[in-house]
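Notes follow once the structure below has been shown.
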């Protein structure tokens, strides 16, 4: 409790914390907590999370898994209030910098699915509204900065049945076209196929999560 009081006093005198609210969440007598409850709090008021390493391993891993694409989550080991304050003070800086940083291919995949959904590019059954490959990263939800990887990402999504490919000609030279699979809508921005997610997450290039909310 003394550590908590010291940290709160430091925050009160720090102008960098204006507009920030530090909320302490107690663990039970067994150092356990309900990860989904903390996750719900973060979704209501987005911000970084700091977890003491004395927390039960399963609970903290469950929380970190839920937050990995949503918010900064740090594990902290402390011996005194000064160390605790230093670790907590780093969390808002990471949040302001746009963390958690996300793999570039993952960001491109989410933006692409969202773009096709918003502009009603559907394929399968009697739906025939496809988009040309060279229009995938021409704006309208997918920035041209993703042009170098967008076809790779589109093909990855095709392999998992999220997109439907079509080789077509017509108004110009022949080329590839894509649409969302009418049977598979992954608009939430979370790819539940673990193999696909693992592939997208391997990309070493990272971008701030704010790319998904522009």
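Annotations for the structure displayed:
- Dimensionless Rg/Rh of region 2-96 - Kirkwood Rh, Rg from C-alpha atoms: 0.94
- Helix-only arithmetic for the chain: the sum of -39500 (n - 2.57) across DSSP H runs with n ≥ 4, divided by the residue total, places the mean residue ellipticity at 222 nm at -11500 deg cm²/dmol.
- Between helix 57-67 and the chain: long-axis angle, C-alpha atoms, 0 to 90°, nearest 10: 50
- Cα centroid separation - region 59-75 against region 13-48, whole Å: 12
- Using alpha-carbon coordinates, inclination of helix 81-96 to the longest axis of the chain, degrees: 20
- Degrees between helix 150-159 axis and first principal axis of the chain (Cα, 0 to 90, nearest 10): 80
- Across region 2-96, the relative contact order, built from alpha-carbon pairs under 8 Å that are at least six residues apart, equals 33 percent.
- Entry for Rg/Rh (Cα atoms, Kirkwood Rh) (calculated from the structure that is shown) out of [x] 1.01; [y] 0.94; [z] 1.10: [z]
- Which of 66, 60 has the fewest Cβ neighbours within 10 Å, and the rest in rising order: 66, 60
- The listed peptides 193-204, 140-151, ordered by packing as a protection proxy, come out as 140-151, 193-204 (highest mean of other Cβ atoms within 10 Å first).
- Report note on the peptides 67-78, 104-115, 16-27, 35-46: ranked by the mean count of other C-beta atoms within 10 Å, highest first, their order is 104-115, 67-78, 35-46, 16-27.
- Our summary gives the chain a relative contact order of 20 percent, counting only alpha carbon pairs under 8 angstrom and 6 or more residues apart.
None of the figures in this text is laboratory data; all of them are computed from the coordinates on show. Model, not experiment: these values are computed from the prediction. We place every Cβ from the backbone using ideal geometry, glycine too, and count neighbours over all the protein chains shown.
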